[in-house]
Amino acid sequence: MKAPTSITIREVSPRDGLQGEPVEIGTEAKIDLINQLADAGLPRINVTSFVSPKAVPRMADAAEVVAGVVRRPGLELDASVPNVRGAERAIAAGIDTVVVFVAASNEGNLRNVGRSTEESMVETSEVIRMVRSAGKKAVGTVALAFGSPYGDEIPPDRVVELAGRFVAAGANGISLGDTTGEANPRAVHELVRRLHTEYPGVELALHLHDTRGLALANVLAGMDAGATHFDGAVGGIGGSPFTKDAGGNLATEDLLYMCASMGVQTGVDLDAVLGTYQFLEKVLGHPLPGKLGQLGRSDPRSQEEPA
Ligand code: ZN
């Protein structure tokens with residue numbers, strides 16, 4: 001198989017991860033988490049979302065969270081926004097990259113934001129144009145890109161078309177979201193290859209959930225097809241706004257471990273991330289799904305074998 005010499009990991013625990021948690025950890029703990037992640041070397045962090053505080057009270061501290069992050073060269077902070085108003089707030093707060101969403105499943109889009117995929121595409125394209133004219137980066141996410149839990153078919157052509165409309169609006173990057181863990185390695189390989197062919201030069205990222213245990217297999221398929229940008233969440237935390245059955249994100253530390261054992265560079269300190277795993281487990285008050293963190297150390301082979 002083909003493996004890249006290095007990949008870029010975007011850490012989504014502060015937003016995608018925490019939003020599925022029953023416990024609100026508070027502004028200070030969110031800032032602490034983000035600073036730990038940056039210290040560990042994670043170059044891109046999905047820190048919050050700029051949504052209506054009435055609709056999502058726990059994101060009311062979005063600007064405060066961004067203000068608390070220690071900025072450093074090379075660290076890129078992104079935030080998810082639903083509309084132009086959110087993008088304006090994100091940019092005013094100092095966000096580098098604005099992320100918008102549509103769901104490839106019309107039913108999923110209706111359930112998430114109460115409007116059709118087409119209506120969301122019109123509005124998010126407007127957001128992308130506004131963000132680009134403000135001199136910031138914009139990323140368009142196609143959620144439910146590999147399948148829908150609502151029974152509707154998601155033809156790859158539809159995903160390619162939606163991605164193309166983000167590109168036409170001026171997006172710097174496209175993210176394919178396997179929001180509810182429907183993807184399989186073959187589907188990932190085919191879609192990554194198609195998008196690279198159709199939209200060369202546009203950064204393509206994979207956002208994979210581990211609902212059915214296929215996230216790392218899907219990463220390998222993506223790598224083999226040329227993908228070099230992957231999302232992860234420490235501890236594998238994070239459900240989905242679409243459904244309660246989403247399962248967590250691909251665990252960042254499990255991805256790091258696989259990359260280290262394959263010789264794929266990430267620039268991220270695995271031991272530091274394992275420290276953050278323990279921090280998260282403590283503030284959330286329950287065990288986390290990530291596998292490597294449960295061992296509590298980065299290299300089990302360096303430890304004594306049990307008798
Ligand atoms: Zn997600």
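The values are calculated or read from the model by the stated rules, or taken from the named source; none is laboratory data. Keep in mind the model is a prediction, meaning the values are calculated, not measured. Because the Cβ atoms are built from the backbone with ideal geometry, glycine has one as well, and the counts that use them run over all protein chains shown. Remember, those area values only see protein heavy atoms, side chains included, never the ligands or the DNA or RNA. Shrake-Rupley method; radii C 1.70, N 1.55, O 1.52, S 1.80 Å.
Can you list residues from other chains, or at least 5 along the same chain, whose modelled amide H is less than 5 Å from the amide H of GLU76?
Those lying under 5 Å, H to H, from GLU76 are ARG44, ILE45.
About the Cα centre of the stretch 8-303, what is the dipole size in debye to 20, counting +1 per Lys and Arg Cβ and -1 per Asp and Glu Cβ, all else neutral?
Taking the Cα centre of the stretch 8-303 as origin, the dipole is about 340 debye.
In whole percent, how big is the carbon plus sulfur part of the accessible area of the stretch 8-303, probe 1.4 Å, protein atoms only?
Solvent-exposed carbon and sulfur of the stretch 8-303 make up 51 percent of the total.
Ordered by residue, what ³J(HN,Hα) values in Hz, to whole numbers, does the stretch 208-222 give under the Karplus form 6.51 cos²θ - 1.76 cosθ + 1.60, where θ = phi - 60° and Gly and Pro are x?
These are the phi-based 3J(HN,Hα) values: 10, 9, 9, 3, 10, x, 9, 4, 5, 4, 5, 4, 4, 5, x Hz.
What are the ³J(HN,Hα) values, in whole Hz, obtained from phi via the Karplus relation 6.51 cos²θ - 1.76 cosθ + 1.60 with θ = phi - 60°, for each residue of the stretch 84-98 in sequence order, with x given for Gly and Pro?
With coefficients 6.51, -1.76 and 1.60, one gets 4, 4, x, 5, 4, 5, 4, 5, 4, 7, x, 6, 7, 9, 9 Hz.
If you plug each phi of the stretch 171-185 into the Karplus form 6.51 cos²θ - 1.76 cosθ + 1.60 with θ = phi - 60°, what whole-Hz ³J(HN,Hα) values come out, in order, with x for Gly and Pro?
4, 6, x, 10, 10, 9, x, 8, 4, 10, x, 8, 6, 9, x
So who's got an amide H within less than 5 Å of the one on ARG10, skipping anything under 5 residues away but keeping other chains? H placed 1.01 Å off N, in plane.
PHE230, ASP231, GLY232
Between THR180 and residues 5 or more places away or on another chain, which pairs have amide H atoms under 5 Å apart, with H built 1.01 Å from N, and which residues are they?
Here LEU144 satisfy the definition.
Cut-off under 18 Å on the C-alpha distance; same-chain residues fewer than 8 positions from LYS282 excluded. Which lysines are left, in chain and number order?
Reachable lysines: LYS30, LYS291.
Which one of GLY173, GLY68, GLY247 has the biggest mean-square fluctuation once the chain is modelled by GNM with Cα springs under 10 Å?
Looking only at GLY173, GLY68, GLY247, the biggest GNM fluctuation is shown by GLY68.
Of all beta bridges DSSP finds with both residues in the stretch 8-303, what is the antiparallel percent, to the nearest 5?
For the stretch 8-303, the DSSP antiparallel bridge percentage is about 5.
Leaving out same-chain residues fewer than 8 places away, which aspartates and glutamates sit with a Cα under 15 Å from that of LYS2?
Those aspartates and glutamates meeting the cut-off are GLU190, ASP224.
For the chain, report the accessible area per residue in Å² (1.4 Å probe, heavy atoms, rounded to an integer).
Per-residue value: 42 Å².
Normalised by the residues of the chain, what does the relative contact order come to in percent, with Cα pairs under 8 Å and at least six apart?
Value for the chain: 20 percent.
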